[in-house]
There are 2 protein chains.
Amino acid sequence: MKLYYAPGSCALASHIALEEAGADYEAVVLDFSANAQQSPDYLAINPKGRVPALVTDDGVLTETPAILVYIAQMFPAARLAPPLDDAWNFARFQSFNSYLCSTVHVNFAHFGRGYRWADEASSLADMKAKVPETMAAAFDLIEKDLLAAPWVMGEAYTAADGYLFTVTQWLYRAGVAPDRHPRVADHHARMKARPAVAKVLESH
Amino acid sequence: MKLYYAPGSCALASHIALEEAGADYEAVVLDFSANAQQSPDYLAINPKGRVPALVTDDGVLTETPAILVYIAQMFPAARLAPPLDDAWNFARFQSFNSYLCSTVHVNFAHFGRGYRWADEASSLADMKAKVPETMAAAFDLIEKDLLAAPWVMGEAYTAADGYLFTVTQWLYRAGVAPDRHPRVADHHARMKARPAVAKVLESH
């Protein structure tokens with residue numbers, strides 16, 4: 001498999017999952033400063049012009065929640081998702097990942113990519129200024145209601161942990177102090193101590 | 001099961017899935033004009049203060065992509081998702097739903113809910129004005145690359161079709177002319193002709 005990514009992007013979650021799975025994969029960095037994600041060559045691979053994109057024997061897969069489950073299914077020994085026939089726990093796992101992609105990631109995207117949704121410089125500045133507030137509020141919910149212990153799903157480490165780690169990096173980048181969410185901060189520290197995470201971070 | 005919803009919201013996708021599944025369910029409408037989604041009673045059910053929320057024997061489930069798969073698993077005879085052991089097609093299904101929740105829904109949310117991400121009236125007006133452009137662009141991709149025929153996944157109708165139908169309603173509400181996306185318009189018309197969809201629309 002081949003993972004297209006950019007440092008600091010949400011592709012980190014898929015990258016961690018591949019490493020935790022023990023997959024044989026190649027990580028290909030795209031130079032966002034040169035707008036490589038919009039090059040004709042890359043658009044032929046992923047017409048969305050975004051990362052991550054996972055090139056598999058079956059085809060090209062995009063969207064983090066889909067990629068995480070696919071990796072979990074391809075490498076079942078790594079147990080990166082609840083068993084799919086445990087409908088409720090699989091649904092909890094899915095719900096968590098979906099909240100990260102549709103709410104938390106979106107909140108953070110208004111920090112530097114507000115031009116996706118507005119045109120005026122004053123609007124982009126307004127959006128950017130509000131990000132610490134929206135990120136902190138989303139993590140208030142994660143801290144209180146969504147994050148089990150020691151891992152997102154409870155006793156079992158899953159790919160949702162790598163995804164939470166990724167958006168927690170953004171929480172801190174937005175300037176929210178770690179002591180507001182002590183359980184999240186504890187999770188973040190334990191993630192950094194995992195060998196697979198430390199290895200992947202060298203490329204991000 | 002009990003589905004909390006508001007007319008015109010993305011809960012329509014889950015509502016259609018329950019109806020197509022032949023589920024025994026109750027649909028409970030929340031009065032958004034009275035801010036019922038933020039009432040203490042509802043926040044005790046769903047601390048996110050949003051819809052949909054599906055109350056099941058296992059617990060309360062939120063986030064559309066998770067709910068759709070859960071319904072598909074609870075009612076396997078309705079075949080509302082690809083078989084979960086067909087990892088690639090299940091991943092395609094998941095990727096489609098994830099694109100709708102994280103990109104298309106988010107684009108439309110800037111029409112009337114820009115206050116989630118900015119504070120100034122000028123910013124909200126700027127966001128609102130851009131929605132036809134961002135919705136049309138997202139549907140350009142759906143039209144060209146993501147929508148198989150006759151249904152999202154190809155020959156088989158799935159819960160992704162009800163989700164696409166839901167966000168296509170928003171495309172039109174944003175003022176994008178149906179003739180820009182003829183394959184989407186055809187899908188929309190065929191969805192409206194399904195008895196389950198027509199029945200659910202009576203409550204939306």
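Bear in mind these aren't lab numbers, they're just calculated from the coordinates by the rules spelled out. What you are looking at is a predicted structure, and each value in this text was computed from that prediction instead of being measured. Don't worry about glycine lacking a Cβ; one is built from the backbone with ideal geometry, like all the others, and counts go over all protein chains shown.
Of note:
- Averaged over peptide A:100-110, the number of partner chain Cβ atoms lying within 10 Å of each residue's Cβ comes to 4.
- Distances from A:Ser122 to itself in the other copies, using label points 7 Å out along the Cα-Cβ axis, amount to 0.1 nm in increasing order.
- By the helix-only formula, in which each DSSP H run with n ≥ 4 contributes -39500 (n - 2.57) and the sum is divided by residues, chain B has a 222 nm mean residue ellipticity of -15500 deg cm²/dmol.
- Ellipsoid equivalent to segment A:2-80 - semi-axes via the Cα gyration tensor, in Å: 22, 12, 10
- Kyte-Doolittle mean at least -0.5 and Cα axial length at least 24 Å: DSSP H helices in chain A: A:121-141
- Calculated diffusion of segment B:97-204, Stokes-Einstein form, Kirkwood radius summed over Cα pairs, 4 °C and 1.567 mPa s, µm²/s: 89 µm²/s
- Those aspartates and glutamates that a straight Cα-Cα span of less than 12 Å connects to B:Lys199, excepting residues fewer than 8 apart in one chain: B:Glu19, B:Glu20
- Relative contact order of chain B, pairs being alpha-carbon contacts under 8 Å that are 6 or more residues apart, as %: 24 percent
- What separates the Cα centres of segment B:17-61 and segment A:129-190 is a distance of 25 Å.
- What you get for segment B:2-80, charging only the Cβ of Lys and Arg (+1) and of Asp and Glu (-1), is a dipole of about 220 debye around the Cα centre.
- Antiparallel content of DSSP bridges confined to the protein assembly as shown, in %, to 5: 65 percent
- Stokes-Einstein D for chain A, Kirkwood Rh over Cα pairs, 25 °C, 0.890 mPa s (µm²/s): 140 µm²/s
- Max mean-square fluctuation residue, GNM over chain A, Cα-Cα springs under 10 Å, options A:Ser123, A:Ser98, A:Ser14: A:Ser123
- Max mean-square fluctuation residue, GNM over chain A, Cα-Cα springs under 10 Å, options A:Ala125, A:Ala138, A:Ala174: A:Ala125
- Taking GluC sites (Glu not before Pro) as exposed when DSSP calls them loop and at most 11 other C-beta atoms lie within 10 angstrom, chain B has its longest site-free stretch at B:1-154.
- Descending Cα extents along the principal axes, segment B:57-114, whole Å: 39, 30, 15
- Other protein chain C-beta atoms within 10 Å of residue C-beta, averaged over A:70-76: 3.
- Across the copies of the chain, B:Glu133 has label points (7 Å from Cα along Cα→Cβ) spaced 2.5 nm apart, shortest distance listed first.
- Cross-linked pairs A:Lys144/A:Lys192; A:Lys130/B:Lys144; A:Lys192/B:Lys48: Cα-Cα separations exceed 31 Å for A:Lys130/B:Lys144.
- Between copies, A:Glu155 shows label-point distances of 4.4 nm, shortest first, with the point placed 7 angstrom from Cα along Cα to C-beta.
- Across the protein assembly as shown, the volume of the C-alpha convex hull divided among the residues equals 139 Å³ per residue.
- For A:84-90, mean number of other protein chain Cβ atoms within 10 Å: 5
- Binned Cα-Cα distance frequencies in segment A:149-188 - 10 Å width, integer %: 31, 53, 16
- B:Gly154 long-range amide H proximity, modeled H, under 5 Å: B:Ala148, B:Ala149
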